[in-house]
Amino acid sequence: MTDRLYYTDPYCRECDATIERVEQREGRTAIVLDRTVFYPTSGGQPFDTGTLGSFHVVDVIDLDDGTIAHVVDAISGVAQDITQNVAQDFSPEHTSRSKDLRHDPAYTVRARINWPRRFDHMQQHTGQHVLSAAFERLFAARTVGFHLGAAASTIDLAREVSPHDIAAAEAEANRIVWEDRPVSIRFVTAEEASRLPLRKPPAREGTLRLIEVEDFDLSACGGTHVARTGAIGIIAIGSCERFKGGQRVEFFCGGRALDRFRVMRDTLAAAVRLLSISADEVPGAIERLQVEAKDQRRAITALYADLARSRAGELAASAEATDKGRLVLRAVEADANGLKALAVAIAAHPGYIVVLVSTTRPVLVVVARSEDRPVQANQVLSALTAKFGGRGGGKPELAQGGGLDASPEQILEAARTVILVG
């Protein structure tokens, strides 16, 4: 069983440790030590990174036998040879020899964690304890889930709370932070724990590790935490959303809150500069811009419709008279919406069969026909995509597709054959 130094001293950044065994896990090299400062992924908190000697630790796994596996990155050259030798020396075939080697300085490594990453996790995890306790104490809103992400963390509350209550819980949590209360660690039996005011029942039996925020929260937890709440810095709630009948609350603590503030500050400063307004005028200015943009879209849509009708008239005038109807086969410089608008405008009049393609490759295609024509637009399109690739679909009166790999001229000639010859 690995001695987990972070259980009693989360501020311990490095230690000397002896290699217990080396094994391959899903094609990766994993090293088990007699003791470690590395925290494995557990309880919503990610693993630590750092180094074992010259190896970079890229994952830390809590194994079923009570040991911790330190997965190291791809290695080569001398390092590869050393690791292979260690793996052989500690293999089951050399059990007696392994016992002697465990005391050999050659198999002692210096374990060092990435401290900024660890301290960030300590701030977020302790902040979660305080924030969850605030929601439960003030509003009986129990935390049923916790996730410590790379950029933000979340707690899942068992029920929804109002924006006013969220702000109140945030204020209460920060009061505890700024009072700089001690955060202590202690170990108790399950029987002793049953007599204590734990915020939630423990998920495991046996000896329990308790984290206590003085006179505010007591929880069973195996994670890493700061020694005093003041080290959390600040707890800032970012967003809230409904989640599985309750509410998911996003929050940022300490350095993450500062990073978030910087992003918001720079974004607001850019908006103020671009709009030439003061900061408090930004919401109103955005609302006005949205209204103006909506009006402009309506005006543009109307202009496109007028333009389509005018252009459609020109295309219709050049239609070729055939036994199947008046045929309009043209390559047009337009996007999918433009092609569709033109084709529909032409087919609104009786007697027309229309195939319009874009001038760019891969080619866009729109097929349309008037109500009085028997041609099936979707079948024409299907024949074209079968011949030139791409995909699309539609109905007998209108079909459209894209991704055809041929020149506009080739596609239009194939369309003519499909329509006139079948």
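The values are calculated or read from the model by the stated rules, or taken from the named source; none is laboratory data. Remember, it's a predicted structure, so these values are computed and weren't measured experimentally. So basically every Cβ, Gly included, is an ideal-geometry build from the backbone, and we count neighbours across all protein chains shown.
Here is a yes/no grid of residues against (1) over 18 Å from residue 181 (Cβ atoms); (2) exposed (fewer than 14 other Cβ atoms within 10 Å of the Cβ); (3) modelled with pLDDT of 95 or more; (4) touching an Asp or Glu at 6+ places or on another chain (Cβ under 9 Å):
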residue: 226; (1), (2), (3), (4): no, no, yes, no
residue: 232; (1), (2), (3), (4): no, no, yes, no
residue: 244; (1), (2), (3), (4): yes, yes, no, yes
residue: 248; (1), (2), (3), (4): yes, no, yes, yes
residue: 255; (1), (2), (3), (4): yes, no, yes, yes
residue: 270; (1), (2), (3), (4): yes, yes, no, no
residue: 274; (1), (2), (3), (4): yes, yes, no, no
residue: 278; (1), (2), (3), (4): yes, yes, no, no
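Is it the case that some residue within the range 194-209 is in the same structural domain as residue 134 (by TED's automatic domain parsing), part of a strand (DSSP E or B) and in contact with a helix residue (DSSP H, G or I) (Cβ under 7 Å, 6 or more places away or on another chain)?
yes
Pairing each residue of the range 285-306 that is over 26 Å from residue 340 (Cα atoms) and not assigned by TED's automatic domain parsing to the domain that holds residue 343 with any residue that is outside any helix (DSSP H, G or I) and among the β-branched types (Val, Ile, Thr), provided the two are 6+ apart or on different chains, yields C-beta distances under 9 Å for 285/277. Of the set (1) out of contact with any strand residue (DSSP E or B) (no Cβ under 6 Å at 6 or more places or on another chain); (2) surrounded by 10 or more Cβ atoms within 10 Å (Cβ to Cβ); (3) touching a residue at least 12 places away in the same chain (Cβ under 8 Å), all apply to residue 237 but (1).
Within the range 314-322, can one find any residue that is modelled with pLDDT of 90 or more and exposed (fewer than 10 other Cβ atoms within 10 Å of the Cβ)? Taking every residue of the range 314-322 in turn, at least one turns out to be modelled with pLDDT of 90 or more and exposed (fewer than 10 other Cβ atoms within 10 Å of the Cβ). Selection within the range 210-246: residues that are in a strand (DSSP E or B) and among the aliphatic types (A, V, I, L, M). The member of this set that is nearest to residue 162 (Cα to Cα) is 237. Among residues that are assigned to a helix (DSSP H, G or I), in contact with a Phe, Trp or Tyr (Cβ under 7 Å, 6 or more places away or on another chain) and within 25 Å of residue 406 (Cα to Cα), residue 341 is included.
Among the residues making up the range 345-376, those that are part of a loop (DSSP other than H, G, I, E, B), of a type in the set (S, T, N, Q) and closer than 20 Å to residue 408 by Cβ are 359, 360. Of all residues in the range 145-177, those being more than 22 Å from residue 233 (Cα to Cα) and part of a helix (DSSP H, G or I) number 2.
Results for (1) surrounded by 11 or more Cβ atoms within 10 Å (Cβ to Cβ); (2) small (Gly, Ala, Ser); (3) without any contact (Cβ under 8 Å) to a residue 40 or more places away in the chain, shown as yes or no for each residue.
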position: 182; (1), (2), (3): yes, no, no
position: 216; (1), (2), (3): yes, no, no
position: 259; (1), (2), (3): yes, no, yes
position: 263; (1), (2), (3): no, no, yes
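Without any contact (Cβ under 8 Å) to a residue 60 or more places away in the chain, touching a Gly at 6+ places or on another chain (Cβ under 6 Å) and surrounded by 16 or more Cβ atoms within 10 Å (Cβ to Cβ), is that true of residue 342? The answer is no for residue 342.
Of all residues in the range 404-422, those satisfying the criterion of being part of a helix (DSSP H, G or I) and over 48 Å from the mean Cα position of the chain (by Cα) are 416, 417, 419, 420. Restricted to the range 14-48, and to residues there that are surrounded by 18 or more Cβ atoms within 10 Å (Cβ to Cβ) and not in a strand (DSSP E or B), the residue that is farthest from the chain's Cα centre (by Cα) is 37.
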